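**Q** Got a structure here, written out as structure tokens. Questions coming.
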Amino acid sequence: MTAPAVPASSPASTGELSRIPGLKTRRNAELGLLAFAMALVAMFAWTVEANQFGTVSGTFWVPPVLLSILFLGLHAVVRMTAPYADPVLIPAVALINGIGVAFLRRLDIARAIANKEPAPGVFAGTGGRQLAWTLGALILAAVLLLVVRDHKAVSRYAYTLGLVGIVLVMIPAVLPGSLSEVNGAKLWIKFGSFSIQPGEFAKLALVSFFAYYLVRKREVLSLASHRFLGLDFPRGRDLGPVVTVWLLSLLVLVFEKDLGTALMYFGLFVVTLYVATERSSWLIIGLLLFFGGVYVAYLLGEAVGGPFANFYDRAQVWLDPFATANYERVGGSYQLVQGLFGLGTGGLFGSGPGGGSPGFIPEVRTDFIFAGLGEEIGLFGLSALLVMYLLIVERGLRAALAVRDSFGKLVAGGLAFTLGLQVFVILGGITGLIPLTGQTTPFLSAGGSSLMANWLLVAMLLRISNAARGPAASGAGPDRPGPKKAPTQLHGAMTEVIKP
């Protein structure tokens, strides 16, 4: 018996996947969560002024409202270009971004009070600049969503992106310290008062290259030569890519004097390799290579100094921060110790937004913003903030699991892991878990490079989650981009029931 065929819906004329009745987009849920996030940001700003001035001005609501307008604009772009994208990503990131802008403005207010100056304007100080950087970051994210309608199209430029990523990583290393060094780490390109951190953009390019390379080579890299302790280890001749990236990471550690950046790039490649091959042995090999290289760099720093001296000094501060705490604002472990004091002072509930003294912590606007926030929102508030980061990473990994092509799986998994690893590196540094690094806290720290690069990361996750959650579309194949065909639907196919 043959069932009558149901006509399949035709694809959208713009090349986007057509909407299917009954398949929910969850955009209204995203809008509601976004409104709740902005209400929390407004409450934070209100509390800051109440604690700092003893009263609340009539303009405290201006930054939260401006942020709300900006995020609503991105929400509208997502409605048009990625209607099935994950509805949690934008509200979660918007909450962190909004808290960052409000806290930076809180620091501006405290500085103005200390200097007996009038309260800073909405667009003045670090908070005002961060608000402007947020506008630029959201515009870039919207442009990516408008231009990249299919994430698989990025694979066409994989080798170009890989080359661009390596160049961006290496530029600060070859520049003189006066043009690239900040607090001992060479991660910047400085032009007068303007500076950019190219490594933030390099990670996006390298994720795409790693994903494309591993999709093409995963069968070879999955081969095992022998089994040891229940694990299948790869053939010796297949170790070349891992050793190459390991050497590049060590070069970053030596010449850019930053452990966090080296760990992020090497960890990104090894984890992406593990996701592609599903072999735990790659993780073990990666950990042994990285920590072995770090230990050798530490010994060389103690013996010969030179390019290894900065890493050796940071390791010494990490091993015993109070031994070198000279309580001066330069040198020693003053920064780390003050950050630990700030976290300890905050206790469980904190002193309240605007009620602490984060100005005693050096670099509280950038590297140590977690410590400054921890003093005012306490362990519970900081844990809630970390849950937001964990939620973003989880939604990225969920998109990686659900998307139908291998390239998208590796890109989404790599981007989500990159964000999580960056949070771990910076939080581990300020709590004394690992040596201090020059990494910025995503969406919180002052600075345009990190904010724009991470919003581009979120935009790519939105694009991939749209493909994962939306109706299936057939193309040139799961791993290679090709011309779109009509969406394939099960109810539109000819069916036949065969009785035994």
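**Q** Determine which single condition P118 fails, assuming it passes every other condition in (1) assigned to a helix (DSSP H, G or I); (2) more than 12 Å from V41 (Cα to Cα).
**A** Of everything listed in (1) assigned to a helix (DSSP H, G or I); (2) more than 12 Å from V41 (Cα to Cα), P118 misses just condition (1).
**Q** Could you please find all residues in region 74-95 being in a helix (DSSP H, G or I), of a type in the set (A, V, I, L, M) and surrounded by 21 or more Cβ atoms within 10 Å (Cβ to Cβ)? Write out each step before concluding.
**A** If we filter region 74-95 for residues that are in a helix (DSSP H, G or I), which is where we start, we get 74-81, 89-95.
Among the residues that remain, those that are also of a type in the set (A, V, I, L, M) are: 74, 76-78, 80, 89-90, 92-95.
Once the filter is applied, which keeps residues that are in a helix (DSSP H, G or I), of a type in the set (A, V, I, L, M) and surrounded by 21 or more Cβ atoms within 10 Å (Cβ to Cβ), region 74-95 yields L74, V78, L89, I90, A92, V93, A94, L95.
**Q** Condition check: closer than 30 Å to G359 by Cα, at pLDDT below 95 and polar (S, T, N, Q). Does S195 satisfy that? It would help to see each step written out before you state the result.
**A** Values: closer than 30 Å to G359 by Cα: yes; at pLDDT below 95: yes; polar (S, T, N, Q): yes.
So S195 passes the test.
**Q** Evaluate the following for G344: is it modelled with pLDDT of 85 or more and either within 18 Å of L379 (Cβ to Cβ) or over 28 Å from the mean Cα position of the chain (by Cα) (or both)?
**A** On the way: modelled with pLDDT of 85 or more: yes; either within 18 Å of L379 (Cβ to Cβ) or over 28 Å from the mean Cα position of the chain (by Cα) (or both): yes.
Taking the combined requirement at face value, the residue satisfies it.
**Q** Oh, and also: When F60 is evaluated against the numbered criteria (1) closer than 23 Å to V387 by Cβ; (2) of a type in the set (F, W, Y); (3) not in a helix (DSSP H, G or I), which criterion, by number, is the only one it fails?
**A** Against the list (1) closer than 23 Å to V387 by Cβ; (2) of a type in the set (F, W, Y); (3) not in a helix (DSSP H, G or I), F60 comes up short only on (1).
**Q** With respect to the numbered conditions (1) in contact (Cβ under 8 Å) with a residue 60 or more places away in the chain; (2) outside any loop (DSSP other than H, G, I, E, B); (3) more than 30 Å from W46 (Cβ to Cβ), which one is the sole condition not fulfilled by G428?
**A** Condition not satisfied by G428: (1).
**Q** Related question: So which of S280, S249 is at pLDDT 80 or above and closer than 23 Å to P198 by Cβ? Write out each step before concluding.
**A** Details: S280 fails: closer than 23 Å to P198 by Cβ.
Answer to the selection: S249.
**Q** Now a separate question. Going by the structure shown, is L259 at pLDDT below 80 and under 16 Å from K203 (Cβ atoms)? Spell out the reasoning first.
**A** Details: at pLDDT below 80: yes; under 16 Å from K203 (Cβ atoms): yes.
Taking the combined requirement at face value, the residue satisfies it.
**Q** Scanning for something buried (at least 20 other Cβ atoms within 10 Å of the Cβ), touching a residue at least 12 places away in the same chain (Cβ under 8 Å), closer than 27 Å to I369 by Cα and among the charged types (D, E, K, R), does region 145-159 turn up at least one residue?
**A** Within region 145-159 (the criterion being buried (at least 20 other Cβ atoms within 10 Å of the Cβ), touching a residue at least 12 places away in the same chain (Cβ under 8 Å), closer than 27 Å to I369 by Cα and among the charged types (D, E, K, R)), the answer is no, since none of the residues qualifies.
**Q** Go through region 172-208 and count every residue that is of a type in the set (A, V, I, L, M, F, W, C), part of a helix (DSSP H, G or I) and over 15 Å from M264 (Cα atoms).
**A** 3
**Q** For L221, indicate whether it is more than 13 Å from V169 (Cα to Cα), at pLDDT below 85 and surrounded by fewer than 16 Cβ atoms within 10 Å (Cβ to Cβ). Walk me through it before giving the result.
**A** Details: more than 13 Å from V169 (Cα to Cα): yes; at pLDDT below 85: yes; surrounded by fewer than 16 Cβ atoms within 10 Å (Cβ to Cβ): no.
Here the answer is no, as L221 does not meet what is asked.
**Q** List the residue pairs whose Cβ atoms are under 9 Å apart, where the first residue sits in region 103-126 and is among the hydroxyl-bearing types (S, T, Y), the second is part of a loop (DSSP other than H, G, I, E, B), and the two are 6 or more positions apart or on different chains.
**A** From region 103-126, the pairs are T126/R365; T126/A446.
**Q** If you don't mind, there's one more thing I want to ask. List the residue pairs whose Cβ atoms are under 7 Å apart, where the first residue sits in region 388-417 and is under 17 Å from M264 (Cβ atoms) and without any contact (Cβ under 8 Å) to a residue 24 or more places away in the chain, the second is among the aromatic types (F, W, Y) and surrounded by fewer than 24 Cβ atoms within 10 Å (Cβ to Cβ), and the two are 6 or more positions apart or on different chains.
**A** Listed by first residue and then by second, the contacts come to nothing, as the list is empty.
The values are calculated or read from the model by the stated rules, or taken from the named source; none is laboratory data. Since this is a predicted model, take the numbers as computed values, not measurements. Note: ideal-geometry Cβ built from the backbone for every residue, glycine included; neighbour counts use all protein chains shown.
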